[in-house]
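Structure record follows, encoded as structure tokens.
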Amino acid sequence: MAKKIGINRSEKRANMNKGTFTGVGLGPGDPELITLKGFRALQAADIIFYPVSAESEGQYHSFSANILDQLQVYKPCEPLLFPMKGKGTQKFYDEAFLRIKQEYENGKNVVLVSEGDLFFYSTFGYIFKLAKEAKIPCRLIPGIPAFIAASALGNQPLAEKTTGLEVIAKPESFDAVSKALKHQSTIVIMKMSVLKGWHSFLKTTGRPFLYTERVGTGNEFFTDNAEELEFRKIPYFALLIIYPENAN
Ligand code: SAH
């Protein structure tokens, strides 16, 4: 028998005067790359929470806030601080979740947005877990992940026929990437800025690739030429697609 998912009747009763909680994937940066369903959920929200990450020197960044601004959804928006690294990140997730829970329990339609897709290397996953533990039902509206949007800037399909697709996030070394290259799949590398020396690495692999930065924003950059990476500072919002040898 299939396992029952969702909430049971007594949980439903307990949720009666509560609001709703919806996760919306905003897509990779271009405000037109949100789904219609996601956009409608934003319009129906009483409050929209968006993640903000603190970088060094107390600078706050929110890729999601930029997308929201461009969508011109005139709803109360509130940042939730999710530091990207360091100890004690759980405390921030707990605090963020408490704010969401508060609004939800006050009967509000709460939306939490996430850049790209919600379940693809997103902090949304941590909040989702807390919502599940608290038995708060959560509706998820997926978004276009950055690697799919990046792939549309290339001049060849991401994967075809029997080609596999492998995603590596924050590669620990170029050796680890080389190992993956042996599989003859298409390799997507996220959070690639953790390694320095992509220019020489890509030259040695000899594989066709597409390097992209800030896809879908006004600062978008992409190239399939390793030389253009020699002096380039790789930002956090960069990703690489390495195609199989026989591609093209
Ligand atoms: N949830 C996002 C991924 C967030 S993890 C998604 O679905 O795509 C952050 C990593 O995603 C970055 O280090 C970068 O590798 C990639 N990324 C996210 N947005 C990007 C963009 N607009 N352009 C290029 N890379 C992006």
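The values are calculated or read from the model by the stated rules, or taken from the named source; none is laboratory data. Keep in mind that this is a model prediction, so the values were computed, not measured. Cβ placement follows ideal geometry from the backbone for every residue including glycine, while neighbour counts extend to all protein chains displayed. With ligands, DNA and RNA removed, areas are computed over all heavy atoms of the protein, side chains included. Shrake-Rupley method; radii C 1.70, N 1.55, O 1.52, S 1.80 Å.
Observations
- Against the list (1) touching a residue at least 24 places away in the same chain (Cβ under 8 Å); (2) open to solvent by 30 Å² or more (accessible area, probe 1.4 Å); (3) out of contact with any strand residue (DSSP E or B) (no Cβ under 8 Å at 6 or more places or on another chain), the condition TYR121 fails is (3).
- Inside region 98-118, residues that are touching a Leu at 6+ places or on another chain (Cβ under 8 Å) and without any contact (Cβ under 8 Å) to a residue 24 or more places away in the chain make up a count of 0.
- Residue match in region 97-120 (condition: within 16 Å of the ligand (Cβ to nearest atom) and part of a helix (DSSP H, G or I)): no
- Candidate set from region 13-35 (those that are over 18 Å from the mean Cα position of the chain (by Cα) and open to solvent by 30 Å² or more (accessible area, probe 1.4 Å)); member that is modelled with the highest pLDDT: THR20
- LEU181 within 16 Å of the ligand (Cβ to nearest atom) and either touching a residue at least 12 places away in the same chain (Cβ under 8 Å) or not assigned by TED's automatic domain parsing to the domain that holds GLY25 (or both): no
- Residues located in region 146-178, provided they are on the phi > 0 side of the Ramachandran plot and within 13 Å of the ligand (Cβ to nearest atom): LYS170
- When residues of region 148-162 are limited to those that are under 22 Å from ASN225 (Cβ atoms) and touching a Leu at 6+ places or on another chain (Cβ under 6 Å), the one least open to solvent (accessible area, probe 1.4 Å): ALA150
- The residues in region 72-91 that are more than 16 Å from the ligand (Cβ to nearest atom), over 24 Å from PRO142 (Cβ atoms) and either part of a strand (DSSP E or B) or open to solvent by less than 50 Å² (accessible area, probe 1.4 Å) (or both) can be counted, and the count is 2.
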